[in-house]
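For reference, the structure discussed in these notes is given below.
The values are calculated or read from the model by the stated rules, or taken from the named source; none is laboratory data. All of these numbers come straight from a predicted model, not from anything done at the bench. Please note: Cβ atoms are built from the backbone with ideal geometry, for glycine as well, and neighbour counts cover all protein chains shown.
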Amino acid sequence: MLLRVEPRARGRVGIDLDPVDVTTAEGARLLRSFVWADQAARLERLDRAIAEVRQEPPTLVRGDFVELLPDFLEQRRSDGLTVVFESAALTYVDQEGRKVVRDALASAGRTGALAFVSTGQPSRAGVEAYGLHVTLWPGGEREEVAVLDYHAAWLDWIGG
């Protein structure tokens, strides 16, 4: 068993310059159009993900996450774990923006439990994949926990 207690999300927020709302037929169609037609397994995975999101839709916020994340973290509830997740988004942010995000996370980590889950360069050289990293506060220690395919076709956990 991965977790002894099944976590319960109190809410989800997605911040994007142009968010796609997959709870609408138009949004789901748009997202599906980004997957190559011969990629049946990826389309099936996407359809399952859309079905999950439709059961408990996140709040979608239009804007720049670099600018908005610090305020969201300041306003969060402090009686539970806050998880911030990004997959490749920071790749498109300049060094100054990445510093804003890191500083906001470190500040929030001083005031309550926080996890930052992100993808990036894997620690193993020559691997054609992402590393999946988790940084936990208090402490701010970063650990690579898995390596995964760029399109999430597979994931290999590191360690036990």
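Brief remarks follow.
- Restricting segment 49-101 to residues that are assigned to a helix (DSSP H, G or I) and of a type in the set (G, A, S) leaves a set whose member that is nearest to A153 (Cα to Cα) is A49.
- R76 touching a strand residue (DSSP E or B) at 6+ places or on another chain (Cβ under 6 Å) and either under 21 Å from A9 (Cβ atoms) or at pLDDT 95 or above (or both): yes
- All of E44, E52, E26, E6 fail the test of being acidic (D, E), out of contact with any Lys or Arg (no Cβ under 9 Å at 6 or more places or on another chain) and at pLDDT below 90, apart from E6.
- Residue among A88, A115, A106 that is surrounded by 13 or more Cβ atoms within 10 Å (Cβ to Cβ), assigned by TED's automatic domain parsing to the domain that holds D156 and farther than 23 Å from R8 by Cα: A106
- Of all residues in segment 36-46, those that are of a type in the set (D, E, K, R) and touching a residue at least 12 places away in the same chain (Cβ under 8 Å) total 2.
- Residue match in segment 81-88 (condition: of a type in the set (F, W, Y) and in contact with a helix residue (DSSP H, G or I) (Cβ under 8 Å, 6 or more places away or on another chain)): no
- Pairs meeting the criteria (first residue in segment 141-158 and among the basic types (K, R), second residue at pLDDT 90 or above, beta carbons under 8 Å, at least 6 apart or on different chains) are R142/H133; R142/V134; R142/T135.
- Selection from segment 109-160 of residues that are assigned to a strand (DSSP E or B), under 15 Å from V84 (Cβ atoms) and not hydrophobic (A, V, I, L, M, F, W, C): S118, T119, G120, H133, T135, R142
- Single residue of S107, S87 found to be under 30 Å from A40 (Cβ atoms), out of contact with any Pro (no Cβ under 7 Å at 6 or more places or on another chain) and not hydrophobic (A, V, I, L, M, F, W, C): S87
- When V66 is tested against (1) surrounded by 15 or more Cβ atoms within 10 Å (Cβ to Cβ); (2) over 26 Å from G120 (Cα atoms), just one condition goes unmet, and that condition is (2).
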